[in-house]
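S.K.: Pasting in a structure now, in structure tokens, and then I'll have a few things to ask.
The values are calculated or read from the model by the stated rules, or taken from the named source; none is laboratory data. Fair warning: this is a prediction, and the values are worked out from it, not measured in the lab. All Cβ positions, glycine included, derive from the backbone under ideal geometry; neighbour counts span all protein chains shown.
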Amino acid sequence: MIQLHNVFLSYQNDVTALSNINLNVAKGEFVFLTGISGAGKSTLLKLLYGALKPSRGQILIDGENIIRLPASQIPFLRRKVGVVFQDFKLLPNRTVLENVALTLEVLGWGKKDIGKKVYHVLKQMGLEHKINSTPLRLSGGEQQRVALARALVNDPKIILADEPTGNLDEESREQILGILKGANIRGSTVVVASHDKKLIGNCHRRVITLDKGHIVEGSDAAK
Amino acid sequence: MPPSKPQKRPKLSREGFGGQLNYFLSRAVTNIRQNLFVNVLTIGTISLAILIVSLLLLVFVNLERVTDQWSERVQVTAYFDNELTPQELHTLKSKILSLNGTGKLEYVTKAVALQRFQARMKGQDALLEGVTADILPASLEIQLKKENRTGDSLKAYVDRLAKIQGIAEIQYGDDWVRRFNKFMDFMRVVGISLGCFLLLAVVFIVANTIKLTIYSRKEELELLSLVGATRCFIKMPFLIEGIIQGAAGSILAIAMLSSLYLGFLHNAGNFISFNPGEADLVFLPLSHLSGVFCGGILLGFMGSLTSLKRFINF
Ligand SMILES: Nc1ncnc2c1ncn2[C@@H]1O[C@H](COP(=O)(O)OP(=O)(O)O)[C@@H](O)[C@H]1O
Ligand SMILES: [Mg+2]
């Protein structure tokens, strides 16, 4: 589902954030991406949803080489990939319903179906009573779940989550991990970037470790 | 590799074109409501800009109208020493009519000339004493075709007319016509360049105001693109918003212009026209008004389009 081949990435200021990344994530897998802060986790995720282009190398998502993807095709890549951003990126002047609905509106869904589907997803996350609140009135854990709901409301093939358990309490972390596992069981391939050792330790999934832009462990499922 | 269950996808209820348009429209309206202040600012800017331009247009339309009225008065008169016999009149008339640029002809006999003179001097009988039809000349009044009423072509016409035998004297509004036409040409140049300059300034200001609206929603634009919105999908509500702003702005401007006109402009014309009956300034004709309206819409649309270019570059 996700394949990276000899991928390098440098930012404009000549910081080499990723070097010689070779990675293979199979369909339906659930993997962790770990490493200390600044190791390149966020950068790697950005490559996967087309927010950054690598300086060198090839990236295949769902069998498609996204390096040569014209700008007009990027939206269709992003519809396959649900992203939970480190900073949530919720729109403060929209309700929870409207925030989650965006993913479906973009697909051209009808209003009624959007309402039903969003309600359903929010209910799974125990947020149905907050459906008309605005994000700023929610706790950190609730905001994180709204961001999660927006990422997986269209059952994307791939879910990328950047530090989804950031600085949340124990209970919220478990809840969020549960939601991600649920999405994985329903068929999505999940990549979670996290430096939360305890969380990763409890999970028994493949762990890919990055250090200074290199993969030091777990680059392939068959290790 | 963990087994992956076949993915259960909900049936996609894609909306048709109408539904999409409806979505974009309601999105645009919500955007306007949620960003009322910037929108009021934009609409205000647009309407002020259009008001200035349409005021200029109003002045222009009226100046053109006055020019037309004035040039109608450009008339060449050929005087004769004696009354013409019907025979002479006939040959002269056909000669003059064959001249390029001749419009209407009217023969004024000595008797008619006297009548006119008397009519003009009404109440000043003392002056009329001793004036008989005999001392007034008979004349042919020549109305020129519109394109021959000005400057050089008028002069050329008069030269050609002078070559016809039997005409004692020719009079025409030589000097003042030329001066007036020069003035009008000058006014046209000033008006058009002022208009262009204004239009440029207006486009610039409006584009910047709209940029402000869009800048305040940068986050939203970015997020939409991240959840897979196509460029068209992101732009559409903004473009519709621009059209709404433009339409609202131009309606407001036309309303302001109308009240200005009805308030005091419509009888300000007394200063620039001769005939008190025709003195009133006319309002913009419907064609110009719809032009202004469409211009406003175009302004809002283009403003949004150019501002979006800055923010959508994926
Ligand atoms: N936009 C950017 N411009 C320049 N350097 C960046 C940018 N984003 C990240 N970096 C650098 O790239 C490296 C990897 O960053 P990041 O991927 O955010 O790490 P992580 O998510 O693992 O903490 C760091 O050294 C960081 O300073
Ligand atoms: Mg990071």
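S.K.: Taking A:Val100, is it closer than 19 Å to B:Arg231 by Cα, surrounded by 21 or more Cβ atoms within 10 Å (Cβ to Cβ) and either within 11 Å of another protein chain (Cβ to nearest Cβ) or of a type in the set (Phe, Trp, Tyr) (or both)?
M.R.: Criteria not met by A:Val100.
S.K.: May I ask you to say which residue of A:Val216, A:Val153, A:Val191 is within 14 Å of ligand 1 (Cβ to nearest atom), closer than 26 Å to A:Ala101 by Cα and either at pLDDT below 90 or hydrophobic (A, V, I, L, M, F, W, C) (or both)?
M.R.: Working: A:Val216 fails: closer than 26 Å to A:Ala101 by Cα; A:Val153 fails: within 14 Å of ligand 1 (Cβ to nearest atom).
Exactly one of A:Val216, A:Val153, A:Val191 is within 14 Å of ligand 1 (Cβ to nearest atom), closer than 26 Å to A:Ala101 by Cα and either at pLDDT below 90 or hydrophobic (A, V, I, L, M, F, W, C) (or both), namely A:Val191.
S.K.: Report, ordered by the first and then the second residue, all pairs with beta carbons closer than 8 Å, sequence separation of six or more or different chains, a first member in the range A:33-48 that is away from chain B (no Cβ under 14 Å), and a second member that is more than 6 Å from ligand 1 (Cβ to nearest atom) and assigned to a helix (DSSP H, G or I).
M.R.: Correct list of pairs: A:Leu33/A:Leu44; A:Leu33/A:Leu45; A:Thr34/A:Lys197; A:Thr34/A:Ile200.
S.K.: Restricted to the range A:163-177, and to residues that are under 23 Å from A:Leu48 (Cα atoms) and more than 16 Å from ligand 1 (Cβ to nearest atom), which residue is surrounded by the fewest Cβ atoms within 10 Å (Cβ to Cβ)?
M.R.: Filtering the range A:163-177 for residues that are under 23 Å from A:Leu48 (Cα atoms) and more than 16 Å from ligand 1 (Cβ to nearest atom), the one surrounded by the fewest Cβ atoms within 10 Å (Cβ to Cβ) comes out as A:Leu177.
S.K.: Right, something else. Of (1) touching a Ser or Thr at 6+ places or on another chain (Cβ under 8 Å); (2) away from every other protein chain (no Cβ under 11 Å); (3) modelled with pLDDT of 95 or more, A:Gly82 satisfies all except one. Which?
M.R.: Status for A:Gly82: all satisfied but (2).
S.K.: Follow-up. Got at least one residue in the range A:8-24 being within 8 Å of ligand 1 (Cβ to nearest atom), of a type outside the set (A, V, I, L, M, F, W, C), within 14 Å of another protein chain (Cβ to nearest Cβ) and closer than 17 Å to A:Val216 by Cα?
M.R.: Checking the range A:8-24: not a single residue is within 8 Å of ligand 1 (Cβ to nearest atom), of a type outside the set (A, V, I, L, M, F, W, C), within 14 Å of another protein chain (Cβ to nearest Cβ) and closer than 17 Å to A:Val216 by Cα.
The rows are residues; the columns are (1) within 14 Å of chain A (Cβ to nearest Cβ); (2) touching a His at 6+ places or on another chain (Cβ under 6 Å); (3) loosely packed, with under 15 Cβ neighbours inside 10 Å; (4) among the β-branched types (Val, Ile, Thr).
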site	(1), (2), (3), (4)
B:Leu161	no, no, no, no
B:Phe183	no, no, yes, no
B:Phe197	no, no, yes, no
B:Ile205	no, no, no, yes
B:Lys211	no, no, no, no
B:Ser216	yes, no, yes, no
B:Leu224	yes, no, no, no
B:Thr230	yes, no, no, yes
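S.K.: Report every pair of residues separated by at least 6 positions or lying on different chains whose Cβ atoms are under 9 Å apart, first residue within the range B:239-266 and in a helix (DSSP H, G or I), second surrounded by fewer than 16 Cβ atoms within 10 Å (Cβ to Cβ) and small (Gly, Ala, Ser).
M.R.: These pairs meet every condition: B:Gly249/B:Gly44; B:Leu252/B:Gly44.
S.K.: Only one of these conditions is not met by A:Val216: (1) surrounded by 19 or more Cβ atoms within 10 Å (Cβ to Cβ); (2) away from chain B (no Cβ under 13 Å). Which number is it?
M.R.: (1)
S.K.: In this structure, does A:Leu69 turn out to be within 8 Å of another protein chain (Cβ to nearest Cβ) and either closer than 25 Å to A:Glu29 by Cα or in a loop (DSSP other than H, G, I, E, B) (or both)?
M.R.: In short, no.
S.K.: Within the range A:75-82, does at least one residue satisfy the condition of being assigned to a loop (DSSP other than H, G, I, E, B), at negative phi and either crowded, with 18+ Cβ neighbours inside 10 Å or not basic (Lys, Arg) (or both)?
M.R.: Scanning the range A:75-82 turns up no residue that is assigned to a loop (DSSP other than H, G, I, E, B), at negative phi and either crowded, with 18+ Cβ neighbours inside 10 Å or not basic (Lys, Arg) (or both).
S.K.: Another question about this same structure. Among the numbered criteria (1) in a strand (DSSP E or B); (2) more than 10 Å from every other protein chain (Cβ to nearest Cβ); (3) within 16 Å of ligand 2 (Cβ to nearest atom); (4) of a type outside the set (D, E, K, R), which one does A:Ile159 miss?
M.R.: Tallying (1) in a strand (DSSP E or B); (2) more than 10 Å from every other protein chain (Cβ to nearest Cβ); (3) within 16 Å of ligand 2 (Cβ to nearest atom); (4) of a type outside the set (D, E, K, R), A:Ile159 fails exactly one: (3).
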